[in-house]
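Undergrad: Right, I'll just put the structure down here and ask away after.
The values are calculated or read from the model by the stated rules, or taken from the named source; none is laboratory data. As the structure is a computational prediction, the values presented were derived from the model and not from experiment. Because the Cβ atoms are built from the backbone with ideal geometry, glycine has one as well, and the counts that use them run over all protein chains shown. Please note that ligands, DNA and RNA were not included when accessible areas were found on the heavy atoms of the full protein model with its side chains. Shrake-Rupley method; radii C 1.70, N 1.55, O 1.52, S 1.80 Å.
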Amino acid sequence: AIDEQQFVLHFQPQLDAEDRVIGGEALLRWQHPTRGLVGPNDFIRVAEETGLIIPIGQWVLETVCRQIAAWSTRPELAQLSLALNVSARQFHNANFIFHVISALEDTGAAPQRLKLELTESLLLDDVEDVIAKMNMLKELDTGFSLDDFGTGYSSLSYLKCLPLDQLKIDRSFVRDVLTDANDASIARTVVVLAQNLGLSVIAEGVETEGQRDFLIGNGCQAFQGYLFSRPLPLADFEAYVSARSSQS
């Protein structure tokens with residue numbers, strides 16, 4: 001797949017409380033010659049185990065930066081941020097900082113439009129190194145979002161030290177937020193915690209108006225999920241943003 005350039009990116013819109021598109025998340029797909037479009041759950045684990053996540057992740061990073069640069073000349077797209085997932089193995093690679101700097105410089109992408117999504121599992125190994133790398137990248141003005149927050153092993157003592165911009169409420173809490181008191185409490189707590197730390201918060205996996213209304217009522221101001229759109233090929237994503245822009 002790497003050699004034959006069979007990987008593609010789809011983009012899931014991220015919207016604010018006024019239904020304006022504020023960005024997107026780049027999601028990896030494998031355009032398999034016989035199996036069709038293959039989702040990441042079918043190949044990411046193998047990529048991690050073999051170390052091939054490093055070149056794959058580098059390709060995603062370069063492609064996202066290239067897209068940010070391409071959008072900079074289009075008024076309806078220039079203000080969008082693009083988020084991409086960074087695996088623990090990729091982040092801990094000795095050349096990761098160099099890869100990010102090179103991707104930004106080679107493409108001319110605005111660093112403040114790039115958002116790196118880290119998972120809590122990444123914090124399990126050498127958190128001091130994680131913080132140091134994040135601080136180096138923050139000097140470039142890149143953003144950081146902590147993905148799947150509340151599902152792993154995060155420590156609040158680490159959280160206050162991380163130069164984050166955003167917490168992401170995991171879809172597992174959003175799914176039953178209207179029917180499970182515990183999930184509702186967790187969602188509220190994440191929003192309050194983010195606000196107290198000066199961070200933004202985004203909820204993923206929003207599928208119903210009821211979920212969206214609950215989250216807005218509790219202070220969450222950004223969303224992504226099937227209520228708004230599935231992940232889209234590039235041309236469809238751009239058309240979606242243009243349609244939303246013309247409505248507002």
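Undergrad: Got a sec? Which of Leu122, Leu146, Leu116 is under 16 Å from Ala222 (Cβ atoms) and under 17 Å from the mean Cα position of the chain (by Cα)?
TA: Testing whether each residue is under 16 Å from Ala222 (Cβ atoms) and under 17 Å from the mean Cα position of the chain (by Cα) leaves just Leu146.
Undergrad: Within segment 38-88, track down each residue that is more than 29 Å from Asp16 (Cβ to Cβ), outside any helix (DSSP H, G or I) and open to solvent by 60 Å² or more (accessible area, probe 1.4 Å).
TA: If the condition is that a residue be more than 29 Å from Asp16 (Cβ to Cβ), outside any helix (DSSP H, G or I) and open to solvent by 60 Å² or more (accessible area, probe 1.4 Å), then Leu52 is the only one that fits.
Undergrad: Could you look through segment 69-97, keep only residues that are over 30 Å from Glu128 (Cα atoms) and touching a helix residue (DSSP H, G or I) at 6+ places or on another chain (Cβ under 7 Å), and pick out the one that is modelled with the lowest pLDDT?
TA: Result: Glu76.
Undergrad: Pull up segment 112-129, narrow it to residues that are closer than 21 Å to Glu25 by Cβ and at pLDDT below 95, then point me to the one that is surrounded by the fewest Cβ atoms within 10 Å (Cβ to Cβ).
TA: Among those residues, the one meeting the criterion is Ser121.
Undergrad: Let me ask something else about it. Please go through segment 185-207 and pick out each residue that is without any contact (Cβ under 8 Å) to a residue 24 or more places away in the chain and either among the hydroxyl-bearing types (Ser, Thr, Tyr) or open to solvent by less than 70 Å² (accessible area, probe 1.4 Å) (or both).
TA: Ser185, Thr189, Gly198 - these are the residues of segment 185-207 that are without any contact (Cβ under 8 Å) to a residue 24 or more places away in the chain and either among the hydroxyl-bearing types (Ser, Thr, Tyr) or open to solvent by less than 70 Å² (accessible area, probe 1.4 Å) (or both).
Undergrad: Can I ask one more? Take residues that are touching a Lys or Arg at 6+ places or on another chain (Cβ under 7 Å) and tell me which of the strands (runs of 3 or more DSSP E) falling wholly in segment 140-248 contain 2 or more.
TA: 143-149
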